[in-house]
């Protein structure tokens, strides 16, 4: 019995679920940032948490949330780790394809 193959559906489900979480986290943090501007001082979502969401597969949701909510767009230092997450996912997918552990539907 060999290693089970990952399917495109498995990958889409994983990235889709984490993207929803990343998108929601960006929206929630933007709302908390607005409250903070009104001096209500809510506890914000840490950038490290947003970066971790991107790293586990939520990078599309984090990027989309940043664009739609105009969140973290004026903070250039936030985005390189998100881009690195995308690059790591692309590299991992390429390795899985090359090693035969992942099959694209053809």
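The values are calculated or read from the model by the stated rules, or taken from the named source; none is laboratory data. Owing to the predicted nature of the structure, the values given are computational and were not obtained by experimental measurement. Note that each Cβ is placed from the backbone with ideal geometry, even for glycine, and that neighbours are counted across all protein chains shown.
Please verify whether region 36-50 includes one or more residues that are buried (at least 18 other Cβ atoms within 10 Å of the Cβ) and within 12 Å of the chain's Cα centre (by Cα). Among the residues of region 36-50, at least one is buried (at least 18 other Cβ atoms within 10 Å of the Cβ) and within 12 Å of the chain's Cα centre (by Cα), which makes the answer yes.
Checking each residue of region 92-103 against the condition of being in contact with a helix residue (DSSP H, G or I) (Cβ under 7 Å, 6 or more places away or on another chain) and within 30 Å of residue 10 (Cβ to Cβ) gives at least one match.
Residue-wise test of (1) under 17 Å from residue 29 (Cβ atoms); (2) in contact with a strand residue (DSSP E or B) (Cβ under 8 Å, 6 or more places away or on another chain); (3) without any contact (Cβ under 8 Å) to a residue 24 or more places away in the chain.
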{"site": "65", "(1), (2), (3)": "yes, no, no"}
{"site": "71", "(1), (2), (3)": "yes, no, no"}
{"site": "75", "(1), (2), (3)": "yes, no, yes"}
{"site": "86", "(1), (2), (3)": "no, no, no"}
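Of the residues that sit in region 12-53 and are modelled with pLDDT of 85 or more, out of contact with any helix residue (DSSP H, G or I) (no Cβ under 7 Å at 6 or more places or on another chain) and outside any helix (DSSP H, G or I), which one is farthest from residue 68 (Cα to Cα)? Filtering region 12-53 for residues that are modelled with pLDDT of 85 or more, out of contact with any helix residue (DSSP H, G or I) (no Cβ under 7 Å at 6 or more places or on another chain) and outside any helix (DSSP H, G or I), the one farthest from residue 68 (Cα to Cα) comes out as 43. Taking the conditions (1) exposed (fewer than 12 other Cβ atoms within 10 Å of the Cβ); (2) at pLDDT 95 or above in turn, residue 75 satisfies each one other than (2).
Taking the conditions (1) farther than 24 Å from residue 81 by Cα; (2) at pLDDT 95 or above in turn, residue 8 satisfies each one other than (2). The sole residue among 66, 9, 57, 61 that is on the phi > 0 side of the Ramachandran plot and either part of a helix (DSSP H, G or I) or surrounded by fewer than 16 Cβ atoms within 10 Å (Cβ to Cβ) (or both) is 57.
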